[in-house]
Amino acid sequence: MNIGISCYPVYGGSGVVATELGIELAARGHDVHFITYAQPFRLPGFTERIHYHEVEVPNYPLFEHPPYNLALSVEIQNVVEQHNLDLLHAHYAVPHATSAWIARELLARPAFRIVTTLHGTDITLVGQDPSFRSLTEFSIRKSDGITAVSEYLKQETVAIFGIEPERIRVLPNFVDLDKYRRDAFPCHRAKLSNPGEKIVTHISNFRAVKRVDDVVRTFARINRQLPARLLLVGDGPERGRIQHVAEEEQVLDRVLFLGKQASVVELLSCSDLFLLTSEQEAFGLVALEAMSCGVPVVATLTGGIPEVVTHGESGYLAPVGAVEQMAAYGVELLADPERWRAASLAARRDAERFSAERIVTMYEDYYTEVLGR
């Protein structure tokens, strides 16, 4: 197949999934065309059968806010005409599915198909904004195929927009089990912590919805009972406030701000616990990647996380904001080597349900179904 992918190329779950999906599809012999304003964060410099098409946004004085969605539409049209795409996979309804529909309307030739994957905030946040609600629903309904990354997100889409349930296929996020494993890289634990210290990790884009301040507060309570280090991977608008919370909790010297990392396997493979304290999470891809590396997870009981983490086995789930409870769960896992080992093995087993081999095959089958082949 000749497949176009339009996504946000930045450090976040939807961009990671879109990029990893494209890489997997190319490895299976499909031609993949990424169409976006920058090279996706996890896309290597050169990969056979992968092509990158940069969207150039006009910067005229007339435009106070350059119209990216229109520039994207034109670039999709150009790529379809030049490379004869079979389908365009849009990650997020707005703007990507919207732009794909506009591009299709511009074409005089037989139309390509549009598959839209809903990732979370496009439904739970952007989609509910009065400025975008009708456009989001329109873009979803104009798609030939609709997927959601969790059963939770499917039900939210049905409830908010009235989309017929049978139109939405749940295709969960996935992980490369060969890449994300505890023995994939030599452990660099000595560079991250002192002997005897546990390593607690969190990865996100540091937005308010991630509640990274709760990560710090949870860690501070764990650290009072056993020596530990906190690795904070990522960056975003909340970074300054997070640092302030670390100062308030008197653990700033125990926290390593590592910034954005193109590869997190080396860090996860020597982590002892992963914390995910989000207010909303449609799936929890970073938790899945941690689990694949045998890292037990303590996370919030929200969104699609319970579909990934098995409470009491591969980790623990607690209500949003329940810092004391999450800390108690963390200490329970970290203080008991046998309990930790059992949770580590269970985490890997849970991750195996979401293998790239299995989920990417589901995407291929769905593409074939949408194309009517």
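Would you confirm, using the coordinates I've provided, whether SER344 is among the small types (Gly, Ala, Ser) and not in a loop (DSSP other than H, G, I, E, B)? Yes; evaluated as a whole, the condition is true for this residue.
Identify all residues within the stretch 168-200 that are within 23 Å of the chain's Cα centre (by Cα) and more than 19 Å from PHE274 (Cβ to Cβ); write none if there are none. ILE168, ARG169, VAL170, LEU171, ASP178, listed by residue number. The set of residues from the stretch 221-258 being closer than 17 Å to GLU324 by Cα, crowded, with 16+ Cβ neighbours inside 10 Å and charged (D, E, K, R) comprises ARG221, GLU249. Evaluate the following for ALA290: is it over 24 Å from ALA335 (Cα atoms), in contact with a Leu (Cβ under 6 Å, 6 or more places away or on another chain) and buried (at least 23 other Cβ atoms within 10 Å of the Cβ)? Criteria not met by ALA290.
Between GLU313, GLU307, GLU266, GLU324, the distinction of being more than 16 Å from LYS210 (Cβ to Cβ), surrounded by fewer than 22 Cβ atoms within 10 Å (Cβ to Cβ), modelled with pLDDT under 95 and outside the structural domain of PRO40 (by TED's automatic domain parsing) belongs to GLU266 only.
Would it be correct to say that GLU20 is touching a Lys or Arg at 6+ places or on another chain (Cβ under 8 Å) and either of a type outside the set (D, E, K, R) or in a helix (DSSP H, G or I) (or both)? Yes.
The set of residues in the stretch 317-355 that are charged (D, E, K, R), closer than 23 Å to VAL175 by Cβ and touching a residue at least 12 places away in the same chain (Cβ under 8 Å) comprises ARG348, ARG349, ASP350, GLU352. Here ARG113, ARG133, ARG189 are screened, and the one residue that is modelled with pLDDT under 90 and crowded, with 16+ Cβ neighbours inside 10 Å is ARG189.
The values are calculated or read from the model by the stated rules, or taken from the named source; none is laboratory data. Everything numeric in this text was worked out from a predicted model, so none of it was measured. Virtual Cβ from ideal backbone geometry, glycine too; neighbours counted across all protein chains shown.
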